[in-house]
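Taken together, the values in this text are just the output of simple stated rules run on the coordinates, not laboratory data. The structure displayed is predicted, hence computed values, not measured ones. Cβ placement follows ideal geometry from the backbone for every residue including glycine, while neighbour counts extend to all protein chains displayed.
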Amino acid sequence: MNRIGLIVNPLAGIGGRVGLKGSDGIEIQRRALELGAVPESIQRATLSLIQLSQAASQVEVFTFPREMGEMSAHEAGLTPMVIDETGDLTTAEDTRRAVREMSGLGVDLILFAGGDGTARDVCSAIPAQFPCLGIPAGVKIHSAVYATNPNHAGELAGMYLHGRAHLREAEVLDLDEDAYRDGRVSTRFYGTLHVPFRPLLLQNQKAPSPASEARQAEAIAADVIEGMQSGIAYILGPGTTTRAIAQALNVEKTLVGVDVLRDGKLIAMDVTQKQLLDMLETMPARIIVTPIGGQGFLFGRGNQQIGPEVIRKVGRENIIVVSTSAKLQALRLQPLLVDTGDAEVDALLTGYFNIITGYKERMAYKVIS
Amino acid sequence: MTHATPKKPGAPKPVAPKPALRRFHQASWDEPVIFELSSAGQRGVLPPEPEADLVEAAGDVFDNLPASLKRKTAPALPEMSQLHVLRHYMRMSQENLGVDLNIDIGQGTCTMKYSPKVNDQLARSHKLTELHPLQPLSTVQGILEVMYRLEEMLKEISGMDRVTLQPGAGSAAIYTNVAMIRAYHESRGEGKKRDEVITSSFSHPSNGAAAKVAGYKIITLPPDADGYPDFEALKAAVSERTAALLITNPEDTGIFNARILEFVDLVHAAGGLCSYDQANANGLLGITRARDAGFDVCHFNLHKTFSTPHGSGGPAAGACGVTKEMAPFLPTPTVEFDGTSYYFDTNRPQSIGKIRPWYGMAGNIFKAYAWIMSLGADGLREVSEIAVLNNNYLLNKVLEIRGASAPYAKGKRRIEQVRYSWEQLTSDTGVHSEEIGFRAADFGTHYWTSHHPFVVPEPMTLEPTESYSREDLDEYIAILKHIANEAYTNPEIIHTAPHNSTIHKIDQESFDDPEAWAVTWRAYKRKLKK
Amino acid sequence: MTTKKPSMYPYIPNSVPATKEAMLKAVNAKSVEEFYADIPDAIRLKRRMNLPEPLLSEAALVRHLEGLLSRNKSTREVLSFLGAGCAGHYVPAVCDEVNSRSEFLTAYAGEPYEDHGRFQALFEYESMMAELLNMDVVNVPVYDGFQATGTALRMAGRITGRNVALVPATMMPDKLSKVRDYVKPDLQVELVPFDPSTGLMDLKALKKQINAQTAAVFIENPSYLGFLETQAEEIGRVAHENGAIFVVGVDPISLGVINPPAEYGGDIVCGDIQPLGIHMNYGGGHAGFIASRDEEKFVMEFPSRLFGVATTCVEGEYGFGDVAYERTSFAVREQGKEWVGTASALWGITAGVYLALMGPQGMLELGQGIMQRVRYAVKKLNQVPGVKTHFPNTPHFKEFVVNFDKTGMTVQQINQALHEKGIFGGKDLSAEFPSLGQSAVYCVTEVHTQADIDRLVNAIKEVVK
């Protein structure tokens, strides 16, 4: 018997529909509801469940009351097990509690409907590597843990339950909502979640399929390490691909922070922009970055520590970009974006980078601001 | 018992017209694996016995063989009578869909065209099959002349100065080109400096792979917004480390890159060479040539453009065309003519050596030659024009199907194939491209999605060569249309397809699990026991 | 003179003018020129291609081609003892029947559903080769034995992370040339000398040359020069003691009587399946195989396809597909991810048919019979004045080296004279192996009768008189 945990954030993206940016905070939620906003995430979760029950007939759904999942399950024709209680308006703590309880019950997969905020809440509470998947329901989503649409989420969940989907590590980006409302986009790389992804049903027979992302990351690491020179500080941006470089050197790396390596050793961990600038006074440096999240940002989302000053000092020619080809495929080979906050530095960064996509493999990729 | 009164003679009972879609069912023999057909003591063919005198004179042939080299237990091969072996393979032969059986336009980029039977039959003459490659040249003038003449033809078709027929197939030909490029740069002392090869996302993966095997770093150009290899990216990628550009035109999207001369000039200016992958040449015979576009080397797949059969995955044949500057690096030997007879030139000091044993896939070289001889210049031109016409006719019709699109270059004509996308249909219905392919097998055909990586989402690549009639194309469209409709109204039948094929949904999990995978029957039995 | 254009081309159904018109209309094009509009004028070919005038009728085509073929003389017409990498074994009729079926001949890259037959036939080929080789993993065929050898050595390089391959100095020179080129980015190839009286690898030299950089030790068994490497087991031991992989190239048709390398320490086995039911085709009948134990470290290094068996959703039904398709090599020293392409599948299917027809008893009788004929030929030739065979105390399989130094004639002269007598003598080795003098490698297979061998011996006797 397959068991799913379902968590719906009924207020995800609720502000957006009525012209309010973001939807965190009790006040924003009240205003949105007053303005007549309808919780779309509930409907989207329903769609996913319908798709899922077609793909996997024997599914037990564990969920929270009313808008947090019970309604969606009923709409989809399922009879869920409702665990625990909630107040009138749901909060981030409800989400986190749901995650803890469902993972404690040992469900096979946690499905959550929401946006970046919901993903952040799931991320903060979920046990490491516990399988989960996002049903998109918010406004623009920067995290990479969501399926492309509710149907796809249901299908993927079904495949995962049948053992036909593998898990991969995807980034959660935390949008600063206040800044967003004030017209600034500011994100933090918050962490990662392990989500199912769709392997090909049957590989085409004329050419080998690409290596798994993990192996690609290892190949990229091998290439980067081969090119490393002594005496030079390597500023390693956040991300799973950059982490692979540290792993290959048997060095620790903070997943979401910026670390610095030199001569194969860690010399600074989770640094701020100031610390980087101080360091640049004393030694030559190169930057190694990888695009973060689902929107294809190279600088400006999740790695603001590597700020415009740092970039200017290091110089464009000393920036090494790494990415698995799978990630670039997911971006549809659209140009990468930069938003450092400094128009001049952005202009400096636009153009092409030879992105390292494997051992002795590059892609001449466009970057725009 | 009374007899029924016989009916008045009149018109025959009419057979109703056939339904719009073929009520196809593939042969399905539920045939066991050959080892399960084994029966102790059966034999399929007896080898000739040596004469009694000879055996006596020979004595014990194992008397100086160490124990470690003497086979102790007989190999556990199946034991079957001749008819039973034949029948088993005949049954399996029926469980395939090749060009001779289906409207094989679905295997895009493979150029599935008719392989004339007359060529196959002639190539089975013992005067080809029973030739040993080391026979005195005077005894093989016929086949040498064929090789020489085919080289001349391919020279004319490509505009190149020399052509080698030695490579075993397309990827081998690409590797040959890369090896020659490597030798060229080494001869000029730039072998170490030029360690990068540039190719594109839509190139056949063998371009990058062969270059990598040869020791190069690969830089891939993604497509620009119109689907062409990104020229700006090329500018960023070219440097004094560039050994070569490996490119195809048109690429698998079917769009001709009109800026190809600029690409070539840019690479040449940096001191690099240009290699043209002409796997997609079927639409361009007599229209445009590799040499005229400035390329230094190019290659053809004889089993694609030039009709030799695909053989379930080979044997095939490849041909590399080169300029006279590159000719010294050609694999050894080359075929020459001295005015009276044909011979091999093995005195080629700068040659890259041998790509494979002997001189080439003689049987396929013969068939390609025959095919060109049957068509001539006008015929080849017609091949291309009709291939292109068929493709654009098909394109129009596919675009009328709900959920299908042809990304890039909207409104532009394509050359000989198109990479379509079912993205809209997938988004609407949850049905994926490969599932549509499996469902197509229920109507007696199939299609191929794309090379990896899937740049175009939910891809389908169709290549209707000149071998297909208008009715064939219409039938194929009818099948696609029907399945697309099913996606919107009854997707379940697609998700569980195929239903009318030889077998049903395969359980794939074991293929990636080292504990469970079984590449041979003995491995399978061993792992089952555990 | 330009041939008149035909009313239509039989291979091009839509070349019927009315059809062409109608289709152009259907796509709103006035002429096919519109489709080529994107091609820059500068690279348009503005003239008709200069190709021979076509033979539009099939009858004329046949006549022309048969005329060309008639200028060949095949080994059906001339008694041939040529080998050296391509052998004239007997091809059973059923082998030809199966590989001329257009269902197999014109299939290509369909899925394991609608091309189930092809997958099963290739899986069975892999499986029958596995029995011959006593190994659990055999690949879908690659181009030829040269390619298989090059790839096997690179696999060893990837697995060990080392960069030297030791190969016998008696290795086939053409194969060595291809291998050197192919492994260049990864491996250096070093020759290990041989004992001139036995042909066998010089073990003292091997032990001196092998070190921590050796990725692989390779032997051919039988050798290019026809003898069997009797020290194989010891060579394998030396390889393993030094952490190297033991790669063995074999002639599969010998394995009915000769032990497969898996029994004496072989880790990766490679070779060419041309002897197994495939005509020589003037050198176009080759296909390579690579085999190993079923261990992940080996399997993951195969660049070729590996077909595996699986269940389907219907009980009792077999399905097939690609095993470990997502293979890659990423060790730091890995310089190349090799490629998968169209190679020699139909020859693989053919070899499967051959092995099934022969069965265990057939392979045993064939191997034994060949060795008996070789013994007989060697004995008789050694009785011809001035003629002797090399490596007389080393066992041979189907080939052996004949030396003519004492006759005062060159191999070239002798072969010329034999040709005039309707015989193809063995390959001249004097250029490839000058240390062997005026020598030639002769190949005797099951198609040779005692009378054939006697005829050869007598002819040589006459020629060298």
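Subtracting the Cα-Cα distance from 0.36 nm times the residue separation, let me have the gained length for residue A:214 to residue A:148 in nm, one decimal.
The residue A:214-residue A:148 span can extend by a further 21.6 nm.
So for B:501, A:48, B:450, fewest C-beta neighbours within 10 Å to most, what's the order?
B:450, B:501, A:48
How far is the Cα center of the stretch A:311-354 from the Cα center of the stretch C:150-177, in Å?
42
Would you mind checking the pairs C:380/C:465; B:217/C:297; C:20/C:46; B:412/B:481 and listing those with alpha carbons more than 21 angstrom apart?
B:217/C:297; C:20/C:46; B:412/B:481
Note down the nm distance, to one decimal, between modelled labels 7 Å out along Cα→Cβ at residue B:192 and at residue C:48.
Label at residue B:192, label at residue C:48, 5.6 nm between them.
Given R₀ = 30 Å, FRET efficiency for residue A:251-residue C:190 by Cβ-Cβ distance, to 0.05?
That pair, residue A:251 with residue C:190, gives E of 0.20.
Full-extension gain between residue C:59 and residue C:410, please, as 0.36 nm times their residue separation minus the C-alpha to C-alpha distance.
Between residue C:59 and residue C:410, full extension yields an extra 121.7 nm.
Ratio of the stretch B:81-129's C-alpha Rg to 2.2 N^0.38 Å, to two decimals?
1.52
In peptide B:192-199, what is the residue-averaged number of other protein chain Cβ atoms found within 10 Å of each Cβ?
Mean number of neighbouring Cβ atoms from other chains: 1.
Given Cα positions, please report Rg to Rh for chain A, the hydrodynamic radius being the Kirkwood one.
0.99
To one decimal place, what orientation-averaged projected area in nm² is obtained for the convex hull of the Cα set of the stretch C:13-60?
The Cα convex hull of the stretch C:13-60, projected and averaged over all directions, gives 5.2 nm².
Scattering from the C-alpha atoms of the stretch A:213-368 alone, worked out with Debye: what is log10 I(q)/I(0) at q = 0.08, 0.11, 0.16, 0.19 1/Å?
Once normalised to I(0) and log-transformed, intensities are -0.19, -0.36, -0.81, -1.20.
Peptides A:308-317, B:311-320: what's the order by average Cβ count within 10 Å, highest mean first?
Result, highest mean first: B:311-320, A:308-317.
Using per-residue counts of other Cβ atoms within 10 Å, averaged over each peptide, order C:141-147, A:269-275 from highest down.
Result, highest mean first: C:141-147, A:269-275.
Under 19 Å from a label point 7 Å along Cα→Cβ of residue C:197: give me every residue in the stretch C:415-452 with its amide N that close.
From the stretch C:415-452, the list is C:435-437.
For every helix of n ≥ 4 consecutive DSSP H residues, a contribution of -39,500 (n - 2.57) applies; sum these over chain B, divide by its total residues, and give [θ] at 222 nm rounded to the nearest 500 deg cm²/dmol.
-10500 deg cm²/dmol
For residue A:313 and residue A:278 in the same chain, what is the full-extension length gain: residue separation times 0.36 nm, less their Cα-Cα distance, in nm?
11.5 nm
Per-residue Cβ counts within 10 Å, from other chains only, averaged over C:135-142: what number is that?
Per residue, the number of nearby Cβ atoms from other chains is 4 on average.
How large is the Kirkwood hydrodynamic radius of the protein assembly as shown, in angstrom, based on all distinct alpha carbon pairs?
33.5
Order B:405-413, C:127-135, A:64-72 from most to least packed using the mean count of other Cβ atoms within 10 Å.
Averaged packing, sorted descending, gives the order C:127-135, A:64-72, B:405-413.
Using a cut-off of under 14 Å, list every residue of the stretch C:159-173 whose amide N is near the label point 7 Å from the Cα of residue C:241 along the Cα-to-beta-carbon line.
Label zone hits: none.
Tell me the relative contact order for chain A as a rounded percent, counting alpha carbon contacts under 8 Å between residues six or more apart.
13
Take peptide C:178-184, look around each residue's Cβ out to 10 angstrom, count Cβ atoms belonging to other protein chains, and average those counts.
Mean shielding by partner chains, rounded to a whole number: 5.
Please list the radius of gyration and Dmax for chain B, considering alpha-carbon atoms only, with Å as the unit.
In order Rg, Dmax, the Cα atoms of chain B give 27.3, 103 Å.
Helix by helix, which DSSP H runs in chain B go 24 Å or more along their axis at the Cα atoms and have an average Kyte-Doolittle hydropathy of -0.5 or more?
B:141-158, B:170-187, B:362-399, B:470-489
Over the Cα atoms of chain C, how large are the radius of gyration and the largest Cα-Cα distance (Dmax), in Å?
Considering chain C through its Cα atoms, Rg and Dmax are 26.1, 83 Å.
Need the C-alpha centroid separation for the stretch A:63-111 versus the stretch C:394-465, integer Å.
If we compute the Cα centre of each part, the gap is 87 Å.
Quick one: helix C:17-26 against the long Cα principal axis of chain C, what's the angle to the nearest 10°, folded into 0 to 90?
Approximately 70 degrees, to the nearest ten.
Quick check: the angle from helix C:58-69's long axis to the longest principal axis of chain C, C-alpha only, nearest 10 degrees?
That works out to roughly 20 degrees.
Which of B:43, B:439 comes first, and how do the rest follow, when ranked by fewest Cβ neighbours within 10 Å?
Ranked by crowding around the Cβ, least crowded first: B:43, B:439.
Got a sec? Charge dipole of the stretch C:13-60, +1 on Cβ for Lys and Arg, -1 for Asp and Glu; which of C:35, C:15, C:57 is way out at the positive end?
C:35
Nearest 20 debye, what's the magnitude of the dipole of the protein assembly as shown about its Cα centre given +1 on Lys and Arg Cβ and -1 on Asp and Glu Cβ?
It comes to approximately 2460 debye.
With a Förster radius of 51 Å, plug the Cβ-Cβ distance of residue B:161 and residue B:396 into 1/(1 + (r/R0)^6) and report the FRET value to the nearest 0.05.
Using R0 = 51 Å, I get an efficiency of 0.80.
At R0 = 30 Å, how high is the FRET efficiency between residue C:211 and residue B:68 if r is their beta carbon distance? Nearest 0.05 is fine.
For residue C:211 and residue B:68, the calculated efficiency is 0.75.
What is the Rg over Rh value, at two decimals, for the stretch B:127-222, using alpha-carbon atoms and the Kirkwood definition of Rh?
1.09
Quickly work out the residue B:492-to-residue B:52 label distance, labels modelled 7 Å from Cα along the C-beta direction, and quote it in nm with one decimal.
7.5
Using Cα-Cα distances under 8 Å and only pairs 6 or more residues apart, what relative contact order does the stretch C:93-355 have, in percent?
The normalised contact order for the stretch C:93-355 reaches 29 percent.
Using a Cα-Cα cut-off of under 13 Å, which aspartates and glutamates could be cross-linked to residue B:367, ignoring same-chain neighbours fewer than 8 residues away?
Reachable aspartates and glutamates: B:120, C:66.
Find the all-direction average of the projected area of the Cα convex hull for the stretch C:115-161, expressing the result in square nanometres with one decimal place.
Result: a mean projected hull area of 4.1 nm².
In Å, what Kirkwood hydrodynamic radius results for the stretch C:93-355 from the alpha-carbon pair distances?
Computed over the stretch C:93-355, the radius equals 18.8 Å.
Label points 7 Å out from Cα along the Cβ direction at residue C:21 and residue C:41: separation in nm?
3.1
Ignoring everything except DSSP H segments at least 4 long, calculate the 222 nm mean residue ellipticity for chain A; use -39,500 (n - 2.57) per segment, divide by total residues, nearest 500.
Estimated from H runs of four or more residues: -10000 deg cm²/dmol.
Taking just the alpha-carbon atoms of the stretch C:281-431, what radius of gyration and Dmax come out, in angstrom?
Final numbers for Rg and Dmax: 23.4, 73 Å.
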